[in-house]
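Worksheet: one structure, shown below.
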Amino acid sequence: MKPILVVANTPSKNSLVLRNAVQIGIEDCDYPVIIKPPLETTAADVLSCGGIIIGTTENFGYMSGQIKDFFERIYYPCLEETQALPWALYIKAGLDGTGATKSVEKIVVGLKWKPIQGPLLLKGEFQEKFTEECQTLGSGMAEGLKLGIF
Ligand SMILES: Cc1cc2nc3c(=O)[nH]c(=O)nc-3n(C[C@H](O)[C@H](O)[C@H](O)COP(=O)(O)O)c2cc1C
């Protein structure tokens, strides 16, 4: 089983809780997972994963700078090799999140990755259900990969 790669910036306690929840969801399914900070994630990591989950905060109406840096480094090395890679996105925003969502989706359309579900947008006051939704996101990808439906 090729691991699920989780690439998420975690500038705050809440954003770290969410990334950990994704990890727990995957591990609960006994599926291999690689967690890497965006600035340490390389094209080789993407080329060797079986699915990818991107997590970003919305900053200034866009994806976080760390996630943008990640895409800038991996885009061309991965462009021809990772088409149809199963992927999912969660966004942690203050009150909005649409700009971050669109900015990531636009790049991923170019990469031709295959979405396993729509974007998971988590905004407003932090709620416990955000954690549950991130855990479900992780387990959903893991189960789908196990069953070969993605
Ligand atoms: C520099 C900066 C810019 C931000 N810009 C936005 C924004 O454009 N839209 C938004 O909804 N939230 C924005 N936020 C809020 C962050 O998305 C939020 O702090 C992040 O999701 C972490 O959530 P937390 O504070 O609940 O831990 C911004 C935060 C920072 C530090």
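Each reported figure results from applying straightforward, stated rules to the coordinates on display, with no laboratory input. This one's a predicted model, so the numbers in the text were calculated from it and none came from an experiment. Here Cβ is always computed from backbone atoms with ideal geometry, including for glycine, and neighbour counts include all displayed protein chains.
Helical content alone sets the calculated 222 nm signal of the chain at -15000 deg cm²/dmol, taking -39,500 (n - 2.57) per DSSP H segment of four or more residues and averaging over every residue.
Summing +1 for each Lys or Arg and -1 for each Asp or Glu, what net charge is found among the other residues whose Cβ lies under 12 Å from the Cβ of A21? Spelling it out: positives minus negatives among the neighbours equals -2.
For the residue pair E72 and T42, what label-to-label distance in nm results when each label sits 7 Å from Cα along the Cα-to-beta-carbon direction? About 1.9 nm separates the two model spin labels. Straight-line cross-link reach from K36 at under 13 Å between alpha-carbon atoms covers these aspartates and glutamates, not counting any fewer than eight positions away in the same chain: D45. Here the chain yields Rg over Rh of 0.93, to two decimals, using C-alpha coordinates and the Kirkwood radius. By a straight-distance test (C-alpha under 16 Å), which aspartates and glutamates pair with K106 as possible cross-link partners, with residues fewer than eight away in the same chain excluded? Correct list for K106: E58, D69, E72.
Where does the charge balance sit around T136 when Lys and Arg score +1, Asp and Glu -1, over other residues with C-beta under 11 Å from its C-beta? Present the calculation step by step, with values, prior to reporting the outcome.
Working: positive: K129; negative: D28, E132, E133, E143.
Around T136, the surrounding residues sum to -3.
Placing unit charges on the Cβ atoms only, positive for Lys and Arg and negative for Asp and Glu, gives the range 4-147 a dipole magnitude near 300 debye about its Cα centre.
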